[in-house]
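*Asks:* Before we start, here is the structure in question, set down as structure tokens.
The values are calculated or read from the model by the stated rules, or taken from the named source; none is laboratory data. Just so it is clear, the model here is predicted, and its values are computed rather than measured. Glycine gets a Cβ as well: all are built from the backbone with ideal geometry, and neighbour counts include every protein chain shown.
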Protein chains: 2
Amino acid sequence: MAIEHPYLMFLGDAPDQLAAKTAKGVADWRPEWCKGQFRLDGCQASLGLDDMTMEEAADAGCRTVVVGVANRGGVISEAWTDVLVRALNLGMDIASGLHGKLADVPRLKEAAERNGRKLFDVRHPTRGFAVADGKKRPGKRLLTVGTDCSVGKMYASLAVEAEMRRRGMSADFRATGQTGILIAGDGVSVDAVIADFISGAVEWLTPANDPGHWDVVEGQGSLFHASFAGVSTGLLHGAQPDALVLCHEPTRKHMRGLPDYGLPPLDLCRRRNEEVAQLTNPAARTIGVAVNTSALDAEAARRCLAEIEDSLGLPAVDPVRDGVARIVDALA
Amino acid sequence: MAIEHPYLMFLGDAPDQLAAKTAKGVADWRPEWCKGQFRLDGCQASLGLDDMTMEEAADAGCRTVVVGVANRGGVISEAWTDVLVRALNLGMDIASGLHGKLADVPRLKEAAERNGRKLFDVRHPTRGFAVADGKKRPGKRLLTVGTDCSVGKMYASLAVEAEMRRRGMSADFRATGQTGILIAGDGVSVDAVIADFISGAVEWLTPANDPGHWDVVEGQGSLFHASFAGVSTGLLHGAQPDALVLCHEPTRKHMRGLPDYGLPPLDLCRRRNEEVAQLTNPAARTIGVAVNTSALDAEAARRCLAEIEDSLGLPAVDPVRDGVARIVDALA
């Protein structure tokens, strides 16, 4: 697909800052793409960008309006339709990370067709994929894996891409979820792919490349998550990762959404991910641990990282507090 | 859905016996449901059933015409449409295991609606599923797993169901692929489910039951298949199996469709499947091995089974040659 930037970030009538989490992720990681924000009356969120009308955004060269806001039921609000039609009439595309599809709103579909514009429903893959062939391909790949869902895999992946590029390495973040896709401008929501094609979709997302190039692949779920481990397995096989980064949130009491399930020990989680990865890349190894210590104070965070580092014998960093330089060092 | 029987088995213009493999599976395992067969001119396959016209089938009480024949490209042949419309007009439903959908053929869709009849495209789940909750539920479940695809998991599952019923045990085969669904009259093609819902679909398929009841769940793929292991993982987690039966084909040179991948050692395959299964059912254990020895002569088969039995310390049988009594014995 390749969503064109610059973006106008659409916050609609977001009831609070948390509802604009997706937009915040895009603005944090691609500030140079985000020209401004659009807010309806009553919007309680802000990205700290200039407020623009649709006309101002079009004049400023915005190519896509990004709906980066959660909504009740995940659908396109009726209150948004008029203004989104105006965006299409002004020649901008629309991209949305909601469950409900832009393409299912008749007025948006009609306006997009009339204006020759595109609607990107990034949670819903529109292309077909081949079954994975498992063939070894050139280029290197790093995959983030986790003890649980929502432990910072996307953040760690983006931090690794940024650190690699800072060092002059050739690297591309490869997005597998809706926020990541809006940040990358392309990608596949792997959890929305038909089950037979999970690893095939990941092979497509991370194709053969120059021998020195790194694809930094956003992980999803966890091998230890009873709902989503199938997705995580397909990702491990399709990515054929050379390097794994294990992501963790140390204060999590149970697996997300599953009160009966505790988190796996880190060493077991590391071993199982390596075992699964080694089916398609026998050289796969874990190179570091990315820990989200945001719920800990500085001293507790330091202790937590030191303990993990000591027990696993791998660099353990909080990408937000410390950056990921030590993880990228470990690739050498 | 629940496909109603008796069935009329539709063989169309099958070019050879192999093209009618799905129909053969249904006729072998549910002979009491199969009233007759329907063949067009030039059909080179037969199930050994009475040939019937659509009118004769309807008069004989057939409720569903089962399209159990492979076709070039997996689509509904135009040559079939007239006669399938006649079946709908006579009050019968149609069920198909092809990739192409009955519901995408306008004349079939129109005739089904006009007659209030149903079209079952068993490869394409039409219901939605919840995300798996991983909660322990009553009832016992046995799952067949494999070193590879197409090693006899469906056959072994059906043989176990039959043996359990023969002993007066309460047991139901739970189908996860198209042939299995036509045999069971219900089920889910798990490889066609959206990735996020694989294990949720299996929880739906194998719900809470009487404590002494066995669901015998048809496995799919293999943890060691680089294309399909995500599906196998979701099946292991969703089924929460108490018992695993490991299925194998000893003459297979490489993983199906993947010339670069050899088959896993049986003991490793057993251990990995148990490890994955134990996430949602810590009591999961392998109780036996079902070996498809059809490519071996009787003496070689005997030696092969003895070697496997010896090395794994589990009963190893060929369900076709020996039956599965020793596997069901191992449950006690």
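*Asks:* Anything in the stretch B:278-326 that is of a type in the set (A, V, I, L, M, F, W, C) and out of contact with any Asp or Glu (no Cβ under 8 Å at 6 or more places or on another chain)? List them, or say none.
*Replies:* B:L279, B:I287, B:L296, B:A298, B:A300, B:C304, B:A306, B:I308, B:L314, B:V317, B:V320
*Asks:* Could you grab me the full set of residues in the stretch A:36-52 that are small (G, A, S), assigned to a loop (DSSP other than H, G, I, E, B) and in contact (Cβ under 8 Å) with a residue 24 or more places away in the chain?
*Replies:* The answer is A:G42, A:A45, A:S46.
*Asks:* Does the stretch A:317-329 contain any residue that is surrounded by 21 or more Cβ atoms within 10 Å (Cβ to Cβ), among the charged types (D, E, K, R) and more than 30 Å from B:Y261 (Cα to Cα)?
*Replies:* yes
*Asks:* A further question on this structure: Find all pairs meeting these conditions: Cβ atoms under 8 angstrom apart; at least six residues apart or on different chains; first residue within the stretch B:278-291 and farther than 17 Å from B:V317 by Cβ; second residue in a strand (DSSP E or B).
*Replies:* B:A284/B:A243; B:A284/B:L244; B:R285/B:A243; B:R285/B:L244
*Asks:* Tally the residues that are within 29 Å of A:P31 (Cα to Cα) and crowded, with 23+ Cβ neighbours inside 10 Å, restricting the search to the stretch A:192-202.
*Replies:* So the count comes out to 2.
*Asks:* Here is a follow-up. If you check every pair at least six apart or on different chains, which have Cβ atoms under 7 Å apart with a residue in the stretch B:308-332 that is on the phi < 0 side of the Ramachandran plot first and a residue that is assigned to a helix (DSSP H, G or I) and surrounded by fewer than 16 Cβ atoms within 10 Å (Cβ to Cβ) second?
*Replies:* That search, which allows pairs on different chains as well, returns B:S311/B:D267; B:L312/B:D267.
*Asks:* Looking at the stretch B:144-180 only, could you name the residues that are closer than 20 Å to B:F120 by Cβ, within 14 Å of chain A (Cβ to nearest Cβ) and in contact (Cβ under 8 Å) with a residue 60 or more places away in the chain?
*Replies:* B:Q178
*Asks:* Still on this model: Is it the case that the stretch A:13-22 has a residue that's within 25 Å of A:A162 (Cβ to Cβ) and in contact with a strand residue (DSSP E or B) (Cβ under 9 Å, 6 or more places away or on another chain)?
*Replies:* Within the stretch A:13-22 (the criterion being within 25 Å of A:A162 (Cβ to Cβ) and in contact with a strand residue (DSSP E or B) (Cβ under 9 Å, 6 or more places away or on another chain)), the answer is yes, since at least one residue qualifies.
*Asks:* Looking only at the stretch B:223-241, count every residue that is more than 7 Å from chain A (Cβ to nearest Cβ) and out of contact with any Asp or Glu (no Cβ under 7 Å at 6 or more places or on another chain) and tell me the total.
*Replies:* 7
*Asks:* If you don't mind, another one. Restrict the check to the stretch B:21-35 and report whether at least one residue is surrounded by fewer than 16 Cβ atoms within 10 Å (Cβ to Cβ) and assigned to a loop (DSSP other than H, G, I, E, B).
*Replies:* No; the residues of the stretch B:21-35 include none that is surrounded by fewer than 16 Cβ atoms within 10 Å (Cβ to Cβ) and assigned to a loop (DSSP other than H, G, I, E, B).
*Asks:* Is the stretch A:158-175 home to any residue that is β-branched (V, I, T) and farther than 23 Å from A:P264 by Cα?
*Replies:* Scanning the stretch A:158-175, I find at least one residue that is β-branched (V, I, T) and farther than 23 Å from A:P264 by Cα, so the answer is yes.
*Asks:* Could you run through the stretch B:181-222 and say how many residues are more than 8 Å from chain A (Cβ to nearest Cβ) and under 26 Å from B:H254 (Cα atoms)?
*Replies:* The number of residues fulfilling the criteria is 7.
*Asks:* Among the listed residues B:S227, B:S199, B:S222, which satisfies the condition of being touching a residue at least 24 places away in the same chain (Cβ under 8 Å) and farther than 23 Å from B:P282 by Cβ?
*Replies:* Answer to the check: B:S227.
*Asks:* Another question about this same structure. For the stretch B:126-208, give me every one of the helices (runs of 4 or more DSSP H) that falls completely inside it and has 1 or more residues that are at pLDDT 95 or above, in contact with a Lys or Arg (Cβ under 9 Å, 6 or more places away or on another chain) and over 29 Å from B:T64 (Cα atoms).
*Replies:* Counting at least 1 such residues, we get no helices (runs of 4 or more DSSP H) at all.
*Asks:* Please find, within the stretch B:181-193, the residue that is nearest to B:W33 (Cα to Cα) out of those that are without any contact (Cβ under 8 Å) to a residue 60 or more places away in the chain and aliphatic (A, V, I, L, M).
*Replies:* It comes out as B:A184.
*Asks:* What's the number of the only condition in (1) surrounded by fewer than 16 Cβ atoms within 10 Å (Cβ to Cβ); (2) touching a Cys at 6+ places or on another chain (Cβ under 8 Å) that B:T293 fails to meet?
*Replies:* The number of the failed condition is (1).
*Asks:* Kindly provide the set of residues from the stretch A:53-75 that are touching a Leu at 6+ places or on another chain (Cβ under 6 Å) and not in a helix (DSSP H, G or I), ordered by number.
*Replies:* A:C62, A:V65, A:V66, A:V69
*Asks:* Would you mention how many residues in the stretch B:101-153 are of a type in the set (V, I, T) and within 30 Å of B:D318 (Cα to Cα)?
*Replies:* 5
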